[in-house]
Amino acid sequence: MLKSLLPDATRFLFFTGKGGVGKTTLSSATAVGLARRGHRVLLVSTDPASNLSEVLATPIGAEPRPVEGVDGLDALDIDPDAAASAYRDRVVGPYRGVLPDTVVANIDEQLSGACTVEIAAFDEFTALLGNPEATAGYDHVVFDTAPTGHTLRLLSLPGAWTGYLDTNTAGVTCIGPMSGLTQAHDRYRIALATLADPTATTLVLVTRPEAAALEEAERARSELADIGVGNQHLIVNGLFDGGSNDPTAQVLALRHADAMADMPTGLSTLRRDTLPLLAVSPIGADALAGVLEGRSIGGGGSDTTTFGGATTSLAVIADTVAARRRGLVMTMGKGGVGKTTVAAALAVELARRGLPVTLSTTDPAAHLTGALAGDEPLPETLIVERIDPHAATAAYTSEVLADAGAGLDAGGLAVLEEDLRSPCTAEIAVFRTFAATVASASDRIVVLDTAPTGHTLLLLDAAQSYQREIERHQDDSSDDVTMLLQRLRDPEYTTLLLVTLPEPTPVHEAAALQDDLARADIRPAAWVANQTLTVTGTRDPILSERARHEQRWLADMLDRHEQLAVVPWQPVPPTGADALADLVGQAERVVTADVA
């Protein structure tokens, strides 16, 4: 139960944590709980991959709407695309018909990138946090934020932009004229002060009772404290204590108990609530109210569909890539579904076949190190890299200063240096490195573990929107950028895997991602259903009920894509070369022996 969060709730509550830990469920449950105590509550999603409408069983839009069945509760989604469109209109509108068309077109181009989407969403976020009038009718504002890496950036933006605006005098950045931001300078100052005020704001860290999730929560705790957000509360969600003689249940209960016993010291000092593992995903107000009491309400519908088969496996995917001896393998999907594990398993298996393989990641959280940790050596043909935002930004900044800064007088150089101090520069730098990594698959196998869905879409969108920004510096990355979308669209070059869990929200988000990719003429090679209990044979009441509900979602995946690999739930998280390579073989045995 949430014994200590609700009674002492501050006006602003931010829910954050590793993807897939239950932030949306718990933020929604908290909002329902506060409203049913007689408070006026606004629930806001700042996640680019929001699923508030699904969890609340109520249509949610860009303006506050009442939540069905809960008096006093309104909810809204901050739609990044809509926010970006409004932001562009606000910035460019005053110049249309005043400046030459070529100048306006240049401003439009600078405002077309993914950086603008983030800034526009940030602008909407601070409008709620930094403008008291915007939320004057509510006792509490509950934010359902994006996965940790995005959240850390979002929460640090008030400080980053405030500092930047304090020193920027030229009004020139990668987003064009600064008018769209400078008009709200005072609001950003208020937002930063509110985040750091323990009487106004509580940062709720949501985690699972698993080592990786707890480590991620500790990283978030430390970094958030460093930017002044010190009033933090920990929720450990999905704790399973067993209670049956089922082998799977006993292993899972022991794993959870060990993780809790080894909780990082910093987390152990926080106020803490724990919630048990539920048999079904809570949908709707009554079910969410039950979450606060640690009980399931309703079955979320009858999941009677029987899953009848799978048409591929990780082993078959590895065979296909190995036969080409080059090309890109990308894992994509909602945070927390196992993209890193699947990417690492394929990379190790391919390298063990003697093929030259590079394993890299664009994920700000960068979990590759943990996945590869083990006593056995990695294959000699495997190179492990990471697209490091700090290193990429430093390299990009140096190159631009050497190129575009050559021959500038002191005043011009000062303007360029101010331009490069913009928070957008990091996005451009990471994108350029991403394009170069994709290009390197021309003569070897590159396995790329991508960031959670929202961030990945920003990178893919950037293939067109950042092209001119990079090409204006005439560096060697221009060809990589020009060819990026063509490479991603080529099924002989790119093997794109949508990794998900057999649960409603991850499947729906994977389906939405597949639709988004289709609009860019990019088609996944296969779906991967990870951590499936269905094939474990568990008889534990809670776990077998969860397995029963998986059947519907496995069948749903096959309806959406003819290629589906099923990976079983692992008693021990696969880390190290041997365990990762064995995961590929296990997935094949599951397909041929259990569900074919």
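The values are calculated or read from the model by the stated rules, or taken from the named source; none is laboratory data. Note that this is a predicted model, so its numbers are computed, not measured. Note: ideal-geometry Cβ built from the backbone for every residue, glycine included; neighbour counts use all protein chains shown. What goes into the accessible areas is simple: the full protein's heavy atoms, side chains included, and nothing from ligands, DNA or RNA. Shrake-Rupley method; radii C 1.70, N 1.55, O 1.52, S 1.80 Å.
Which of the residues spanning the stretch 187-230 are among the acidic types (Asp, Glu) and surrounded by fewer than 17 Cβ atoms within 10 Å (Cβ to Cβ)?
Kept after step one, since they are among the acidic types (Asp, Glu), are these residues of the stretch 187-230: 197, 210, 215-216, 218, 223, 226.
Asp197, Glu223, Asp226 - these are the residues of the stretch 187-230 that are among the acidic types (Asp, Glu) and surrounded by fewer than 17 Cβ atoms within 10 Å (Cβ to Cβ).
In the stretch 229-240, which residues are touching a residue at least 60 places away in the same chain (Cβ under 8 Å), over 13 Å from Thr202 (Cβ atoms) and in contact with a helix residue (DSSP H, G or I) (Cβ under 7 Å, 6 or more places away or on another chain)?
Step one: of the stretch 229-240, the residues touching a residue at least 60 places away in the same chain (Cβ under 8 Å) are 229, 231, 233, 235, 237-238, 240.
Applying the additional criterion that residues be over 13 Å from Thr202 (Cβ atoms) yields 237-238, 240.
Correct list: Asn237, Phe240.
Could you please find all residues in the stretch 329-387 being polar (S, T, N, Q) and within 16 Å of the chain's Cα centre (by Cα)?
The initial filter retains those residues of the stretch 329-387 that are polar (S, T, N, Q), namely 331, 340-341, 358, 360-362, 369, 381.
Residues satisfying the conditions are Thr331, Thr340, Thr341, Thr361, Thr362.
Each row is one residue, and each column tells you yes or no for (1) modelled with pLDDT of 85 or more; (2) touching a helix residue (DSSP H, G or I) at 6+ places or on another chain (Cβ under 8 Å); (3) not in a helix (DSSP H, G or I).
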{"residue": "Thr397", "(1), (2), (3)": "yes, yes, no"}
{"residue": "Val400", "(1), (2), (3)": "no, yes, no"}
{"residue": "Gly405", "(1), (2), (3)": "no, yes, yes"}
{"residue": "Leu408", "(1), (2), (3)": "no, yes, yes"}
{"residue": "Gly412", "(1), (2), (3)": "no, no, no"}
{"residue": "Glu427", "(1), (2), (3)": "no, yes, no"}
{"residue": "Thr437", "(1), (2), (3)": "yes, no, no"}
{"residue": "Leu448", "(1), (2), (3)": "yes, yes, yes"}
Self-check item: Index of the failed condition, Ala373 passing every other in (1) hydrophobic (A, V, I, L, M, F, W, C); (2) surrounded by 19 or more Cβ atoms within 10 Å (Cβ to Cβ); (3) over 19 Å from Ser442 (Cβ atoms)
Solution: (2)
Exercise. Can you work out which of the residues in the stretch 88-102 that are over 28 Å from Glu124 (Cα atoms) and not acidic (Asp, Glu) is surrounded by the most Cβ atoms within 10 Å (Cβ to Cβ)?
Key: Pro100
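Considering Leu554, Leu496, Leu533, which residue is of a type in the set (A, V, I, L, M), in contact with a Lys or Arg (Cβ under 6 Å, 6 or more places away or on another chain) and modelled with pLDDT of 90 or more? So that I can check it myself, show each step before the final result.
Working: Leu554 fails: in contact with a Lys or Arg (Cβ under 6 Å, 6 or more places away or on another chain); Leu496 fails: in contact with a Lys or Arg (Cβ under 6 Å, 6 or more places away or on another chain).
So the residue among Leu554, Leu496, Leu533 that is of a type in the set (A, V, I, L, M), in contact with a Lys or Arg (Cβ under 6 Å, 6 or more places away or on another chain) and modelled with pLDDT of 90 or more is Leu533.
Filter the stretch 224-240 down to the residues that are more than 17 Å from Thr10 (Cα to Cα), part of a loop (DSSP other than H, G, I, E, B) and in contact with a Ser or Thr (Cβ under 6 Å, 6 or more places away or on another chain) and list them by number. I'd like the intermediate steps shown before the answer.
Filtering the stretch 224-240 down to residues more than 17 Å from Thr10 (Cα to Cα) leaves 224-227, 236-240.
Now restrict to residues that are part of a loop (DSSP other than H, G, I, E, B): 227, 240.
Residue satisfying the conditions is Ile227 alone.
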Quiz item: Within the stretch 278-298, can one find any residue that is outside any helix (DSSP H, G or I), in contact with an Asp or Glu (Cβ under 7 Å, 6 or more places away or on another chain), surrounded by fewer than 22 Cβ atoms within 10 Å (Cβ to Cβ) and modelled with pLDDT of 95 or more?
Solution: no
Self-check item: Selected residue (criterion: least open to solvent (accessible area, probe 1.4 Å)) from residues of the stretch 54-70 that are under 21 Å from Phe122 (Cα atoms) and small (Gly, Ala, Ser)
Solution: Gly61
Quiz item: List pairs: first in the stretch 436-459 and open to solvent by less than 10 Å² (accessible area, probe 1.4 Å), second at pLDDT below 60, Cβ under 8 Å, 6+ apart or cross-chain?
Solution: Thr450/Thr456; Thr450/Leu459; Ala451/Gly149; Ala451/Leu459; Leu459/Ala114
Quiz prompt | helices (runs of 4 or more DSSP H) (entirely within the stretch 491-596) containing at least 3 residues that are among the small types (Gly, Ala, Ser) and surrounded by 21 or more Cβ atoms within 10 Å (Cβ to Cβ) | solution = 577-590
Practice problem: Report whether or not Ala526 is more than 22 Å from the chain's Cα centre (by Cα), small (Gly, Ala, Ser) and either modelled with pLDDT under 90 or within 20 Å of Thr331 (Cα to Cα) (or both). | Solution: no
Quiz prompt | Filtered residue count, the stretch 299-317, keeping only those that are at pLDDT 70 or above and either open to solvent by less than 30 Å² (accessible area, probe 1.4 Å) or closer than 19 Å to Thr505 by Cβ (or both) | solution = 5
Quiz item: Could you give every pair whose Cβ atoms fall below 9 Å, whose first residue belongs to the stretch 374-399 and is touching a residue at least 40 places away in the same chain (Cβ under 8 Å), and whose second residue is open to solvent by 70 Å² or more (accessible area, probe 1.4 Å) and assigned to a helix (DSSP H, G or I), counting only separations of at least 6 or pairs across chains?
Solution: Gly374/Asp578; Asp375/Asp578; Glu376/Asp578; Pro379/Arg352
Exercise. Residue by residue through the stretch 216-243, note down the ones that are in contact with a strand residue (DSSP E or B) (Cβ under 9 Å, 6 or more places away or on another chain) and at positive phi.
Key: Gly238
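Yes/no per residue for (1) open to solvent by less than 10 Å² (accessible area, probe 1.4 Å); (2) at positive phi; (3) among the polar types (S, T, N, Q); (4) in contact (Cβ under 8 Å) with a residue 40 or more places away in the chain:
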site: Val329; (1), (2), (3), (4): yes, no, no, yes
site: Met332; (1), (2), (3), (4): yes, no, no, yes
site: Val337; (1), (2), (3), (4): yes, no, no, yes
site: Glu349; (1), (2), (3), (4): no, no, no, yes
site: Gly354; (1), (2), (3), (4): no, yes, no, no
site: Val357; (1), (2), (3), (4): yes, no, no, yes
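How about the stretch 1-101: which helices (runs of 4 or more DSSP H) wholly inside it have at least 1 residues that are closer than 20 Å to Val291 by Cα?
Numbers: elements: 23-36, 52-56, 80-92.
Output list reads 23-36, 52-56.
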